[in-house]
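Down below is the structure, laid out as structure tokens.
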């Protein structure tokens, strides 16, 4: 945390390294005083939640936590030892030690968005798995932007302590009437030693929505961290470059699945610092441009011996009119590293389509099958609700939308 | 016998180069025809043209299938009319699982998948189509797909190439089943499909009884005859004799 707030206040004018600069003054502050919902399955928000992989009836979920605009709306955990779920503000009043985790993984002066979260003392979700506990079913969180011309500004903390494990699904969405709004979400994630965390972030926004997630993860010794990111529907401007720092023997896997529709500007990927001996990482990005702008970034930084890392950016262009950039970067500071990358941008090869057609599939069916496989091939075990969304997005694309 | 396939004075180009220079050929219903010819003579191009692949452009001539002119039809329209092809080097289809493709391409798909072990393909159904498959695995995958597809006319492009001795028996017998045994979702049905088979070694002829053979040279069919006679001639004298043999077949 900075010694004084001046540096952070100065950072309010600091443009982000990537992505279009968003004028924060265009938006009002989102409300912190929001409706408390006891049964999300019966709420009006069910439709939005399920679009982003959040199960409204909470079946097979260890817990659900929902923010509407800037206020906690729902928090419910199944009886489960070793799991704490609440808002960050509540957790700060409950756990004195938590302040040591605040703004430790993320520098608040990183850019104007982190500075804003810091200065406004944004609330968010706090999820903690205590040492030695393995949470059986996924914990799900939902961040819903419900008011037009406002900014949702949240700061989340996830802690998976030593020898513990957790799977998290976090879905973020806008309601129909909140198209022109901004989401700023800072997430600091701490994975202890010999621990596991799978963190899946699924987004579905409006055609004008601005989105600036800021996620930083610290992964302890011999731990595994998987980060899945999915966006299939149109969005205004989205820029995110989540990072992870790995200790000795730790692994990180980043999987990204994007569709850039006409009018969408998406700039995303993953950055991994391999700081510990023998740590390893893989960044896989699969994207489709349907006439939008797509930039798939990946950066691997090898700072320790015996690290292994691979980076793969693949993109299919289905329609003219947009642009597609694949930006793979490798950086090594010691000799004993094994780091590779591959990138490919282009249309679907004609011979692949015709091969499927020779089995009797028509051209649209063949293209859909290849596109669906191309995208979902990057993420194992896609939730069924998301599979439905993926099918719908592909079907829409074939109709020329 | 009714003609299943008839090709009339077919000319076709790949890029700028004319590969097929007036091909005439026919395959009757239930007939197995073999296509011999040196490397580069246009055999695989002819098969790709019959299947309708867009890498080849027909400049003149006609392809008739079951009496219908299919020269302008798309690949899937030809497949739906009953043409199937076993490719020699099919493309990798990243992200598409073999089992899913078989299910999507045929109403018999689910049924055929139960027999995947008979093709030694039971462990490949969740694999991406052709990705990392060996020569023999590709052949077995193609045969499994064609068994589900059940075409009336099959193009087999070197079914035995790249197959080890252990697998040749399996591939040979599955090709035989495909041509002569047939299988329907309603139970086994005796049927005899037509086929055109490219072979260099003639090894596949140990498993299937071919009725007629064609020899292709420099983009044309230069002669036809009994398969074993022609194979013997080619093995003894190569394709050199074909240059002097003027047995241009009249269709």
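Where a number appears in this text, it was derived from the coordinates with a stated rule and is not lab data. Note that the coordinates shown come from a computational prediction; the quantities given were computed from them, not determined experimentally. Note: ideal-geometry Cβ built from the backbone for every residue, glycine included; neighbour counts use all protein chains shown.
Considering only C-alpha atoms, what is the centroid distance from the stretch A:303-336 to the stretch A:43-88, in Å?
Spelled out, the Cα-based centre of one part sits 34 Å from the other.
When the Debye formula is applied to the Cα atoms of the stretch B:1-69, each taken as the same point scatterer, what base-10 log of I(q)/I(0) results at q = 0.15, 0.19, 0.21, 0.26 Å⁻¹?
Evaluating at q = 0.15, 0.19, 0.21, 0.26 Å⁻¹ gives log10 I(q)/I(0) of -0.47, -0.74, -0.89, -1.26.
If I model a spin label as a point 7 Å beyond the Cα along the Cα-Cβ vector, how far apart are those points for residue A:340 and residue A:120 in nm?
4.5
Given a Förster distance of 25 Å, report the FRET efficiency between residue A:80 and residue A:222 from their Cβ-Cβ distance, rounded to the nearest 0.05.
It comes to 0.55.
Counting only the backbone N, which residues of the stretch B:11-47 are under 18 Å from the spot 7 Å out from the Cα of residue B:81 toward its beta-carbon?
B:11-12, B:23-31, B:46-47
Stretched out fully, how many nm does the piece from residue B:192 to residue B:13 gain, at 0.36 nm a residue minus the Cα gap?
Result: 61.2 nm gained on full extension.
GNM, chain A, Cα, under 10 Å: largest mean-square fluctuation among A:272, A:301, A:186?
For chain A, modelled as a Gaussian network with Cα springs under 10 Å, the answer is A:301.
Against the longest alpha carbon principal axis of chain B, how many degrees, from 0 to 90 and to the nearest 10, is the axis of helix B:227-237 turned?
Between the helix axis and the principal axis of chain B, the angle is about 60 degrees.
In the protein assembly as shown, what % of DSSP beta bridges are antiparallel (nearest 5)?
Antiparallel bridges make up about 20 percent of those DSSP assigns within the protein assembly as shown.
In degrees between 0 and 90, to the nearest 10, how far off the longest principal axis of chain B does helix B:165-176 point, with axes built from Cα atoms?
Around 80 degrees separate the two axes.
Mind listing the Cα extents of the stretch A:273-393 along all three principal axes, in Å, largest one first?
Largest to smallest, the principal-axis extents are 52, 32, 26 Å.
Per the Kirkwood formula on distinct C-alpha pairs, the Rh of the stretch B:130-237 is how many angstrom?
15.0 Å is the Kirkwood radius here.
What is the antiparallel percent of DSSP beta bridges lying wholly in chain B, to the nearest 5?
Just about 60 percent of them are antiparallel.
Compute a Gaussian network model of chain A, connecting alpha carbons closer than 10 Å, and tell me which residue from A:140, A:387, A:282 fluctuates the most.
A:387
With angles folded into 0 to 90 degrees, how steeply does helix B:135-149 sit against the dominant principal axis of chain B? Use alpha carbons for both and round to 10.
It is inclined by approximately 80 degrees.
If each residue of separation counts as 0.36 nm, what is the full-extension length gain between residue B:110 and residue B:28 once their alpha-carbon separation is subtracted? If you can, show how the numbers build up before the last one.
Working: separation 82, 0.36 × 82 = 29.52 nm, distance 3.12 nm.
Stretched fully, the residue B:110-residue B:28 segment lengthens by 26.4 nm.
First measure r as the distance between the Cβ atoms of residue A:207 and residue A:9, then evaluate 1/(1 + (r/R0)^6) with R0 = 35 Å and state the FRET efficiency to the nearest 0.05.
0.60
Normalized C-alpha radius of gyration of the protein assembly as shown, against 2.2 N^0.38 Å?
The reported ratio for this selection is 1.18.
Where does chain A land at 222 nm, in deg cm²/dmol rounded to the nearest 500, when only DSSP H runs of n ≥ 4 count, each adding -39500 (n - 2.57), divided by all residues?
It lands at -4500 deg cm²/dmol.
Would you tell me the mean number of C-beta atoms belonging to other protein chains that fall within 10 Å of each C-beta in B:80-93, as a whole number?
3
Could you please tell me the mean projected area of the C-alpha convex hull for the stretch A:174-272, averaged over all directions and given in square nanometres to one decimal?
Mean projected area of the Cα convex hull: 5.7 nm².
Along each of the three principal axes of the Cα atoms of the stretch A:2-141, give the extent in whole Å, ordering the values from largest to smallest.
Computed over the Cα atoms, the extents are 45, 36, 28 Å.
Find how much the distance from residue A:36 to residue A:319 grows on full extension, using 0.36 nm per residue of separation minus their present alpha carbon separation; answer in nm with one decimal.
Length difference between fully extended and current span is 97.5 nm.
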